[in-house]
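In what follows, a single structure is set out as structure tokens and then discussed.
The values are calculated or read from the model by the stated rules, or taken from the named source; none is laboratory data. Not measured: the values here are computed from a predicted model. Cβ sites come from the backbone with ideal geometry, for glycine too, and all protein chains shown count toward neighbours.
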Amino acid sequence: MFSQKRHNPGRVRAIFYAVVVHALVIVLLVIGFRWTTQPEPDLKIVQATVISNAPAPKVEENKRAQEEAEATRKKAEAEKRQQADLKKKLEDEQQQRKDAERKKKELAEKQEKEQKRAAEMERKKEELHRQKSAEQSLQQQLAAEEKARQDAARAARAATEVDKYKALIRQRVSRSWSRPQGTSKGLKCVVSVRLTPSGEVLAASVVRSSGDSLFDRSVENAVYKSAPLPLPADPTLFDNFREI
């Protein structure tokens, strides 16, 4: 006859948990052992493969991007420098044109001033010349007028002096003349007389006869008898008495 034993449920559960715990410990030990005992070369090979193959395209892409960015930057800087150089060149050319125009304007103004100054000097020179000519003409005119006045006065004095001495000569000849007997009254003749500066008579001749030769000769004789005839003291007047 079999006897039946009565099992305790709590005891069975405890045994089950113990077995599970031991199994887990064994599994963990096995895994840890395998983890620590795996050969290193395999791990290194895997890592080398990952480094050399997987990241390479991204690095090259970054490098190309950096190079392109650098090239773009350099190109932009070159264009900027070129634009700056072009701007400076244009500004320099514009400044040179302004300087050239300014110098040209200054030169034109200077030449205009020189021309005006030269024209003014020429005008003043001509004006001075006209003034001098006018003054000279005036002086000449005044001198001519003075000379004419003096000449007229001298001529008047000379004429007066000549007339005076001619009258004196006639008076002396008249005092020396005696009417010839038998001649008619009212007879007249003209006698030309040539004198020396001292009043001596060089010649006396009838140039217009009275018609009576005796009367004419008496007049000629009276002229010779009156010498020396009176003459002015001014020798310049002698030409008026050289032949009367």
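The residues on offer are LYS185, LYS125, and the sole one that is out of contact with any Pro (no Cβ under 7 Å at 6 or more places or on another chain) and in a helix (DSSP H, G or I) is LYS125.
Within region 128-152, being at pLDDT below 90 and among the acidic types (Asp, Glu) holds for one residue alone: ASP151.
Look through VAL223, VAL193, VAL219, VAL206 and report the one residue that is surrounded by 11 or more Cβ atoms within 10 Å (Cβ to Cβ) and either of a type in the set (S, T, N, Q) or without any contact (Cβ under 8 Å) to a residue 24 or more places away in the chain (or both). When all the criteria are applied, what remains is VAL206.
Only one of ALA167, ALA158 is on the phi < 0 side of the Ramachandran plot, among the hydrophobic types (A, V, I, L, M, F, W, C) and free of Cβ contacts under 8 Å to residues at least 24 places away in the same chain; which? Full working, then the answer.
Numbers: ALA158 fails: free of Cβ contacts under 8 Å to residues at least 24 places away in the same chain.
Sole residue among the options that is on the phi < 0 side of the Ramachandran plot, among the hydrophobic types (A, V, I, L, M, F, W, C) and free of Cβ contacts under 8 Å to residues at least 24 places away in the same chain: ALA167.
Can you tell me which residues in region 153-168 are modelled with pLDDT under 90 and small (Gly, Ala, Ser)? Residues satisfying the conditions are ALA153, ALA155, ALA156, ALA158, ALA159.
For region 145-182, give me each residue that is small (Gly, Ala, Ser) and part of a helix (DSSP H, G or I).
First, the residues of region 145-182 that are small (Gly, Ala, Ser): 148, 152-153, 155-156, 158-159, 167, 174, 176, 178, 182.
Listed by number, the residues that qualify are ALA148, ALA152, ALA153, ALA155, ALA156, ALA158, ALA159, ALA167, SER174, SER176.
Report yes if ASP151 is in contact with a Cys (Cβ under 7 Å, 6 or more places away or on another chain) and among the acidic types (Asp, Glu), otherwise no.
On the way: in contact with a Cys (Cβ under 7 Å, 6 or more places away or on another chain): no; among the acidic types (Asp, Glu): yes.
So ASP151 does not fit the description; no.
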